[in-house]
Structure formats: structure tokens, C-alpha cells
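Report on the structure given below.
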Amino acid sequence: MRAKRVVLRGSKKLVRPRRSRIASVRTDREITVVLSLRWSQEANLCPLKSLGTSPVHERTHLSVKQAKGVFSPDPADVNAVRRFARSYHLRCRAHSLGGAFMRLSGTVGRFNRAFGVKLTHWAEKAYSSAYQGHDEEVTLPADLEGIVTGVFGLDTHPAARRPSRLTHGMSSGSITPPPVTSSTRKPAEFADLYKFPRNTSGNGECIGLLEFGGGFRLRELKSYFKSIGMKAPTLIVREVSPGANRPQGKQGTLNPDSEVYLDIEVAASMAPDAKIVVYFGDNTMQGWLTTLQAAILDEVHDPSVISISWGQAEQEWSPQALTEIDKLFQLAAHRGITTCCSSGDRGISEASSRPFTVAFPASSPHVLACGGTRLAVKTSGSRNETVWNQWRQFRLASGGGVSDVFPLPPHQNQANVPLRRSHEPGRGIPDVAANASSDTGYLIEADGTPMSLGGTSAVAPLWAALIARLNEAMGMRVGFLTPLLYTMNAAGAGAVSDITEGYNGSTRAAGFRARPGWDACTGLGSPNGEKLLQLLSSRKAKGG
């Protein structure tokens, strides 16, 4: 009698991709798949709501060892998966990844039978190369129901892209970068403009940068920092297989390398004494999980801040991936890690064919979503900051809107977030912002080419550098900062500068508009680092 099987819900993307079938994947091809299992001690975690609103000095964060204990499966669940793997002649390595992930290896034919799918090569117009996937729902033996929460690696569709001027799926690099002008500034100048805390440099802190494509050359970085009169940063590379530091660009073009250089050069210029760890992962949903886990549970380098400038419309992810990645962000918050994510560069439509869509992971309620402004400073010193919108030039603007996946978090209850198109409340992004206009851009050098870059790709590492310097000044991790920002803003504390001019649609009437308070263009506003430090220190001193 054939064993009863159940459907593992959430293995398909929320929106069916428009793709064409090429051929079946050879059944003798060897592949590796990662299974996520339920966490054995998840119920023992304190509620994030109370952690996020409690004073910084009262927060208790998990060590790496404690986090590994929470993020671990029950031994009985591991044994159940081992039996399943043996029955389909799959090799099982339960502890090669650690935590609640198990890695299975074997032939495509065996995986087809084990999970009730037929793996196929697919082509999609948006991407330059084919990928592997399936049309069928993933099924499992009934005795694994509730134990296995996700299966990652059967589908190798690219998980995300940089929210930048790089076109969807571009890999060859054929776009001319924005030229350096008199309005282009060294990244460290923005730290001064946003009043990063004086007498801080990120000393003793570690910033983790997650990258899912491209790479850098160390000699070029050293040349850049020498040219701007700064020392080269303490830089460490961690490659989470099959991810790797693979520089592929050529001089005079904008390409995936440009975005890696942007992250490093912005973060290191603004927090020059912080240690920078670049985690290179594979740009698949499996790669996202394993790379994020590697950063959060990195016992050697232990980052206090993580910056992610990659993203994709929520509809392009599978529900399983959204859930499991968000759970890792929650674990990061419990570790005292602040996660900064770019809100996207496509205004109100992160999915080009669907208006009013937002980017994940910025839409996770457990990260700090970073949108864009245009900061113009006159020679007299007067400044004007508006919503970043270069739609007429490049079809780019600050990503923002309301999540169709995540509900309205408690810290946004008083933010007047608009309803979804379904007239239900949802998580609003961004939370904060900073300069993202290439017209007033960051002086970056990539593949030997100076350029004036912007995008929300620059804003996430900017905020990461600020938080590293806040941590240094406070002598502790601020951790899950997002709820505190809303609390301080509601009290009129002025930790951020409200942006009240501009819009992020193709026209003023087509998108969201800036307004007093939170809006779906620039969130609460751009940073005032000294004021933010003062308020956090005050809360620490008063115990509230």
C-alpha cells in the first residue's frame, strides 16, 4: 500500500511566472536541496513586540550559542527526515548547515520521486540564462507534515535583484554609469550632512553586507580609498557556497560589481573603523536562507548590523521563502542585529507589470526599510531634501507602498499607513530614508571607473554605518531599532527629518506623495544622527 502523501503548501511563487519550457532536467544530474524544519524552542522566545519597544539598556539579546539552540530542530524530527531520505536513496547531512536546515543530495530522478515533481529547464524573458523549476506542488509523506516547513533548491529561479538602475537580469554590463559632477559627494560627506555622532567611527563594530552576485577586486578598493584620503577598511570575505566573490565587470560600465563596490565604499567610508564582512551567497531562495543564516550565526565575526541592498517584488517569492526568511530576521532581532534593507528603486511598482507592489525583504516588519531622498545643498549651506524621483531620466524613484503579504505591525498603528488595494491594513514601507539621487550622488569607483551612484542601494549601507556608530557611542547594540523610531517620532522627538515634498510615482497623481509624518515615499524621514543618539541615551538614562 502506497504511503499517504500531503501537499507542502507555499512552494510556488505568489504569481505564476511567464516562462517557456525548454526540456526536462536530466534525471542523473546531481543536485542539493535544503529542507527547513520547525524550530524546537521557538515558543520560548520573548515577544518581539516587547523587545522592540523596551528601552535599549533593558534588552536581553541572544548569544550565537543561544540563538543556535533556539534555531534548532527536535532530534525526533531530524530522525524522521533521515528515514525519509534513506527511503529515496538521498544523502542527508543534518549538521552541515546547522540550525533547523538539513541538506539533502542526490540525483534529479530521486528528488522527482521524493517530492512528487518533475524538474524542468525554463526560460524567462527577464533573465539572461535558463533556470530549473517545476509546475507541480511539492508533496511529502504524511508523517513529515508539520515537521518540514520548506523545500529549497528544486527551483533555482533567481530570487532577487539589486534595486538599482541595473536592468532586470542584466549580467554583461552595458550601461554607462552616471558621471561625476560638482554635485557628487564623497560618502563621508553625507555622514557629516546627516550629523552622524561625533567622535565615533564604528570602532569595535562589525557590519555584514549580503551580496548575491558580482564581486570586487581588493586592489581597486585600496586605490579608491587612497584617492579619497582614507585608509582601506578591515575587509573580510565569506563565501557561502555556491556563492562567491566573482567580479565580472569591465571598465566604463555599470554592472553587478558596481553595486558591490557601492555597498563596501559607502559603509566603510561612513564607519571607517568598523570591520566589514561581505557575505557572498547564491541568488536563489536556498542561497538567501543559507547566506542570511551564515551572517546571523557567525560566531567569529558576529555582525551587529546587516545591510541588504537586494530585493524583489513580494509576488516573485514563494510563501515558504517569505516565511522562512522573515523568521531569520526575527532571530536577528533577538540577536541584537539591526537589519537594513533597500526599499527598491521602482517607485510604486516593484513588479513592473503590477502597480502598487513592494519589495521584499524590505517589506518584512522585522527590518529597517530604507527609502530614498534627493538632498541638495547650496554653497551657502542651505539644504533642500525631497522625495527621490528620477522617473523621467531613468524610470527610478524611491520604492514604497503597502505589503500584500505582511500585516500592519504594532509599531505602525499610529502611522496612518494607507490600506492595501484589498482595503485591508498592511505593513507600510519605507521606514526611513536618505539621499538616493545620482544627481546628488555618492562618489564611487568600480572596476576602475569613478561614478556618481545613488539608489536605495546606497541608503541601506548608510543607515547600517550610522547604526554601527550609534552602537559604539552607546556601548551596546540598539538591535531592533524600527519600533523605537516610530515611538520617538510619535512623541515629536525629531530623531529624523521629515520629508514633506515630492512623490514616488511617474506623475504626482500616479503614486504616493510626501506628507507630514510617515509616508510611503520616505517613511519617517532622513537621519539626524546626533539627535538620535541623544534620544537613545536619554531613554537609557531614564529607563524608558
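Test Leu292 against the stated conditions and say whether it is assigned to a helix (DSSP H, G or I), open to solvent by less than 20 Å² (accessible area, probe 1.4 Å) and without any contact (Cβ under 8 Å) to a residue 60 or more places away in the chain.
Working: assigned to a helix (DSSP H, G or I): yes; open to solvent by less than 20 Å² (accessible area, probe 1.4 Å): yes; without any contact (Cβ under 8 Å) to a residue 60 or more places away in the chain: no.
Criteria not met by Leu292.
Tally time: how many residues in region 340-370 are part of a loop (DSSP other than H, G, I, E, B) and in contact with a Leu (Cβ under 6 Å, 6 or more places away or on another chain)? Steps first, answer last, please.
Of all residues in region 340-370, those part of a loop (DSSP other than H, G, I, E, B) come to 343-345, 347-348, 350, 352-353, 355-356, 358, 361-367.
Checking the rest, the ones that are also in contact with a Leu (Cβ under 6 Å, 6 or more places away or on another chain) come to 345.
Looking only at that region, the number is 1.
In region 452-478, how many residues are of a type outside the set (Val, Ile, Thr), outside any loop (DSSP other than H, G, I, E, B) and surrounded by 24 or more Cβ atoms within 10 Å (Cβ to Cβ)?
Taking region 452-478 first, the residues of a type outside the set (Val, Ile, Thr) are 452-455, 457-458, 460-466, 468-477.
Then keep just the ones that are outside any loop (DSSP other than H, G, I, E, B); that gives 452-453, 457-458, 460-466, 468-474.
If we keep only those that are surrounded by 24 or more Cβ atoms within 10 Å (Cβ to Cβ) too, we end up with 453, 457-458, 460-466, 468-471.
Qualifying residue count for the region: 14.
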- Message: If a residue must be open to solvent by 40 Å² or more (accessible area, probe 1.4 Å), part of a loop (DSSP other than H, G, I, E, B) and not small (Gly, Ala, Ser), how many such residues does region 221-244 contain?
- Response: 3
- Query: Residues of region 111-142 being within 25 Å of Arg82 (Cβ to Cβ), open to solvent by 30 Å² or more (accessible area, probe 1.4 Å), free of Cβ contacts under 8 Å to residues at least 60 places away in the same chain and part of a loop (DSSP other than H, G, I, E, B), which ones?
  - Reply: Glu136
- Residue set Ser343, Ser364, Ser318, Ser349; condition more than 17 Å from Leu289 (Cα to Cα), open to solvent by less than 10 Å² (accessible area, probe 1.4 Å) and not charged (D, E, K, R); output residue Ser343
- Assess whether Pro247 counts as being open to solvent by 40 Å² or more (accessible area, probe 1.4 Å), assigned to a loop (DSSP other than H, G, I, E, B) and under 20 Å from Ser457 (Cα atoms). yes
- Note on the structure: Expected output for region 391-419 (first residue more than 22 Å from Pro319 (Cβ to Cβ), partner surrounded by fewer than 21 Cβ atoms within 10 Å (Cβ to Cβ) and polar (S, T, N, Q), Cβ below 7 Å, 6+ apart or cross-chain) is Trp391/Ser506
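Quick check on this structure: which one of Gly454, Gly441 is more than 23 Å from Ala490 (Cβ to Cβ) and in contact with a helix residue (DSSP H, G or I) (Cβ under 6 Å, 6 or more places away or on another chain)?
Values: Gly441 fails: in contact with a helix residue (DSSP H, G or I) (Cβ under 6 Å, 6 or more places away or on another chain).
Of the residues listed, the single one that is more than 23 Å from Ala490 (Cβ to Cβ) and in contact with a helix residue (DSSP H, G or I) (Cβ under 6 Å, 6 or more places away or on another chain) is Gly454.
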- Query: Has region 425-435 got any residue that is within 24 Å of Thr253 (Cα to Cα), of a type outside the set (S, T, N, Q) and open to solvent by 10 Å² or more (accessible area, probe 1.4 Å)?
  - Reply: no
- Item | Pair list, Cβ < 9 Å and 6+ apart or interchain, from region 75-91 residues that are free of Cβ contacts under 8 Å to residues at least 60 places away in the same chain and among the basic types (Lys, Arg) to residues that are open to solvent by 10 Å² or more (accessible area, probe 1.4 Å) and part of a helix (DSSP H, G or I) | Arg83/Asp143
- Condition check for Val34: within 23 Å of Ser241 (Cα to Cα) and β-branched (Val, Ile, Thr): yes
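Filter region 479-509 down to the residues that are at negative phi, assigned to a loop (DSSP other than H, G, I, E, B) and surrounded by 22 or more Cβ atoms within 10 Å (Cβ to Cβ) and list them by number. Give the steps one after another, and end with the answer.
Taking region 479-509 as the starting set, the residues that turn out to be at negative phi are 480-491, 493, 495-501, 503-509.
This time we only want the ones that are assigned to a loop (DSSP other than H, G, I, E, B), so: 480-481, 491, 493, 495, 498-501, 504-509.
Answer for region 479-509, where residues must be at negative phi, assigned to a loop (DSSP other than H, G, I, E, B) and surrounded by 22 or more Cβ atoms within 10 Å (Cβ to Cβ): Phe480, Leu481, Ala495, Ile499, Asn504.
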- Item | Selected residue (criterion: most open to solvent (accessible area, probe 1.4 Å)) from residues of region 381-404 that are among the charged types (D, E, K, R) and touching a strand residue (DSSP E or B) at 6+ places or on another chain (Cβ under 6 Å) | Arg383
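Would you mind stating whether Leu408 is within 19 Å of Asn528 (Cβ to Cβ) and modelled with pLDDT of 95 or more?
Working: within 19 Å of Asn528 (Cβ to Cβ): no; modelled with pLDDT of 95 or more: yes.
Spelling it out, it is not the case that Leu408 is within 19 Å of Asn528 (Cβ to Cβ) and modelled with pLDDT of 95 or more.
So which residues in region 182-195 are open to solvent by 10 Å² or more (accessible area, probe 1.4 Å) and in a loop (DSSP other than H, G, I, E, B), if there are any at all?
Ser182, Ser183, Thr184, Lys186, Lys195
The values are calculated or read from the model by the stated rules, or taken from the named source; none is laboratory data. Note that the structure is predicted; figures quoted are calculated from it, not measured. Cβ coordinates were reconstructed from backbone atoms using ideal geometry, including for glycine residues, and neighbour counts include every protein chain displayed. The protein model used for the area step is the full one, side chains on, heavy atoms only, and it has no ligands, DNA or RNA in it. Shrake-Rupley method; radii C 1.70, N 1.55, O 1.52, S 1.80 Å.
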